[in-house]
Amino acid sequence: MTSNQNDEIPEGAGILSIDPWLSPFKLDLVKRHKTAIDWIDRLERDEGGIVKFSQGYNSFGLHVLENGDIVYREWAPNAIDASIIGDFNNWNRGQYRMTKDSYGVWSITLPSNNGVALIPHNSKIKLALTLANGASVDRLPAWIKRVTQDLSVSPVYDAVFWNPPHKYEWKHDNVTRAQRHPLSAKIYEAHVGISTSELRVGTYNEFTRDTLPRIHKLGYNVIQLMAVMEHAYYASFGYQVTSFFAVSSRYGTPEDLKHLIDEAHKLGMTVLLDVVHSHACKNVLDGLNMFDGTEYQYFHGGPKGYHSLWDSRLFNYGKYEVLRFLLSNLRFYIDEYHFDGFRFDGVTSMLYTHHGIGTGFSGGYHEYFGDGNVDAEAMNYLILANYMLHKLDPNIITIAEDVSGMPGLCVPMELGGVGFDYRLAMAIPDMWIKLLKEVNDDDWDMGKIVFELTNRRYKEKTVAYAESHDQALVGDKTLAFWLMDKEMYTNMSDLSELTPIIDRGIALHKVIRLITHTLGGEAYLNFEGNEFGHPEWLDFPRDGNGNSFWYARRQWNVLDDHLLRYKYLNEFDSAMQHIEEKYGWLRSEPAYVSLKHEGDKMIVFERAGLLFIFNLHPTQSYADYRVGVQIPGQYRIVLDSDEQKFGGHARIDHEKSKFFTTPFAWNGRDNFIQVYIPNRVGLVLAKVD
């Protein structure tokens, strides 16, 4: 693009300088940017700015003043009467009636009793409403910070007034977010509840004590916590949220979670929340649905407000108070719990009016623009959310779970983008699963593998992963189980035969992870337990499995048993993370791929000054195999998936393996070296200083 063309780029369409092929959609880019700017200006005028607007949690909900008075505010515009009730007043609906302002916000101040809050800590409360039709209903306060569930009584949650006498004191605030901000994000996706080996729900404190040290030792620098926002149904994996400001009480108290995050910060780790703003649970008794008696208070009315596949409610992102609620929800987790960012779930569903249901994405740009396809209000919310968070702190990290490939998703707002820092490379794990399920090893297509691993938008950072929680859910299996299946029950001991299936499985498990890590993106993600080849699949307690916890746990015992081969996969995963930390390929420019040889099943590329060599042939090893390399000099092996400590066969003698370049052009590079590369092995070579 010429400089003259650059001068013609209007405000909000700066992305055209990155991707000129978006030019036909310039007006769409300008329109969505202007919508966001108009909202930012409106909030500046009416609320003192978007950052202040996002502190709604300080005014809505229940708050104890210094003198012990309790102030409660709730938005319920369709209600004609409201009162707060609970254990503290024997559930008397007429005693503490609230007043309503012109915006539909109800409020009340409960005077203290000689400086002591009228509502005792950890006692049950509700909001009692009289609806326009005269019906009386009880609701859990929408901004409540603590809800609990007693399944022996009812699956419905109770709201609890949380006002502990001693507030949590953060111990490691001296380690700032900027100091923790990862240059190369290596993300460990974890679920507190399944983090125990026992047949029950794990706790925040157990995760802090037992799992955090494992993650840190492996070399991951980011933890992504799933299923933290309270959800009524455990088997929903946290994706049917009922109380948005309450952290799950299944795992412990709010203070327990704060301690977990505090200790992670002590270790220099960044902590992300898996936030669910794409939809909400349809529960009425303990959710937001029909809160003030209307289906359209927080959500769209009619069919537009329902997600047919998820059986859940869809937010109306164009409403002022809904924006306040959701933006404040993000800010709350930053301020109250010191999270360092978010992985936004279900972004594809938010971005499009069809929610991705029954729709494929070919990559044609017409699919990403136009009022018929794009939900402009949801798009605007995501832009405002990213703008607010990064204005609050540029070191806050946001990740989008989007399968569509929406252009500009990870481009700053000022250039016409949505403003996320990363997007998930959701096609990569699908590719690996499809290869293992449907294609013989001899028929793996090197070109297609490289294409999928490198098919990402220029200047938009991507999180690569071989598998996440999605691939492990019931109905599917972990990669390790696809590779080794039932032999994991009989032949994972060093004392048992190394069968061809186990040998292949261990080798490919490592190679798949290494090539994904090094070629697939600018960040890497692993789901808890998969680093050591966790067997089987995930299935939460439910009626269909007799409410069993058997598959809703992490079997750390198989890793800790040093007679079992899981330790080799764990050791290799750790080596990948630590070597990346040293050489930084994730924070480097994308790789230059010099070889994709279908017959030899070879892939060779360079990145961050390193040379990566992969032999995916099931049987053929190669001696003196010539590979191109740009930078001349002597090279040495820094990672070899075939090492004995990684469960390999140690076919390469590292002491004798010195590689000197020859100044002769090969595969588009100025030099070449010759290597011995065994089958199903990945090598990483670094230049000798």
Local net charge near Tyr566, Cβ-Cβ under 11 Å (Lys/Arg +1, Asp/Glu -1): -4
As a test, work out the antiparallel percent of DSSP beta bridges whose residues both lie in the chain, rounded to the nearest 5. 70
Please give the helix 254-266 orientation as an angle from the longest Cα principal axis of the chain, in degrees from 0 to 90, rounded to the nearest 10. 30
Between the helical axis of 427-438 and the dominant principal axis of the chain, each derived from Cα atoms, what acute angle in degrees is found, rounded to the nearest 10? 60
Whole percent per 5 Å bin, from 0 to the bin with the longest distance: what is P(r) over all C-alpha pairs of region 202-337? 2, 10, 18, 21, 17, 12, 9, 7, 3, 1, 0
Against the 2.2 N^0.38 Å rule of thumb, the C-alpha Rg of region 163-254 sits at a ratio of 1.20
Crossing angle, helix 376-392 versus the chain [Cα axis fit, 0-90 degrees, rounded to tens]: 80
Whole-percent carbon and sulfur share, accessible surface of region 570-689, 1.4 Å: 47
When the helix-only estimate is applied to the chain (DSSP H runs of n ≥ 4, each -39,500 (n - 2.57), divided by the residue count), what is the mean residue ellipticity at 222 nm, nearest 500 deg cm²/dmol? -7000 deg cm²/dmol
Where does region 493-584 land on Rg/Rh, using Cα atoms and the Kirkwood Rh? 1.04
Going through Lys282/Lys391; Lys186/Lys217; Lys31/Lys391; Lys434/Lys510 one by one, the pairs whose alpha carbons sit over 24 Å apart turn out to be Lys282/Lys391
Over the C-alpha atoms of region 617-689, what are the Rg and the largest Cα-to-Cα span, Dmax, in Å? 12.5, 36
Can you tell which of Trp444, Tyr168, Tyr387 lies farthest toward the positive end of the dipole of the chain, using +1 and -1 charges on the Cβ of basic and acidic side chains (Lys, Arg; Asp, Glu)? Tyr168
Can you give the translational diffusion coefficient of region 120-197 in µm²/s, computed by Stokes-Einstein from the Kirkwood radius over Cα pairs at 25 °C and 0.890 mPa s? 142
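How much of the accessible area of region 321-433, probe 1.4 Å, is carbon plus sulfur, in whole percent?
Numbers: 1460 of 2860 Å².
The nonpolar share, carbon plus sulfur, comes to 51 percent.
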Proportion of all alpha-carbon pairs of the chain beyond 38 Å (%): 40
FRET efficiency (Asp653, Asp476; Cβ distance; R0 45 Å; to 0.05) is 0.65
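Can you tally the net charge around Ser588? Count Lys and Arg as +1, Asp and Glu as -1, for every other residue whose Cβ sits under 15 Å from the Cβ of Ser588. If you can, show how the numbers build up before the last one.
On the way: positive: Lys186, Arg456, Lys459, Lys461, Lys582, Arg587, Arg607, Lys687; negative: Glu522, Glu580, Glu581, Glu589, Glu606.
With Lys, Arg at +1 and Asp, Glu at -1, the neighbours total +3.
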Would you work out which of Gln471, Ser362, Ile85 lies farthest towards the positive end of the dipole of the chain, given +1 charges on the beta-carbon of Lys and Arg and -1 on that of Asp and Glu, about the Cα centre? Ile85
Residue-count net charge about Trp310 - beta-carbon cut-off 12 Å; Lys, Arg +1, Asp, Glu -1: 0
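Averaged over every viewing direction, what's the projected area of the C-alpha convex hull for region 348-410? Give it in nm², one decimal, please.
Working: hull surface 17.0 nm².
Projected over every direction and averaged, the Cα hull of region 348-410 covers 4.2 nm².
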Roughly speaking, to the nearest percent, how much of region 483-550's 1.4 Å accessible area is carbon and sulfur? 56
Electrostatic dipole magnitude of region 272-408 [Cβ: Lys, Arg +1; Asp, Glu -1; Cα centre; debye, to 20]: 180
Keeping every protein chain present and rolling a 1.4 Å probe, give me the accessible area per residue for the chain in Å². 39
Hey, got the dipole for the chain? About the Cα centre, +1 on K and R Cβ, -1 on D and E Cβ, debye to the nearest 20? 540
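The values are calculated or read from the model by the stated rules, or taken from the named source; none is laboratory data. A quick note: this is a predicted structure, and the numbers were derived from the prediction, not measured. Cβ coordinates were reconstructed from backbone atoms using ideal geometry, including for glycine residues, and neighbour counts include every protein chain displayed. For the accessible areas, the whole protein counts, side chains as well, though only heavy atoms, and no ligand, DNA or RNA atoms are used. Shrake-Rupley method; radii C 1.70, N 1.55, O 1.52, S 1.80 Å.
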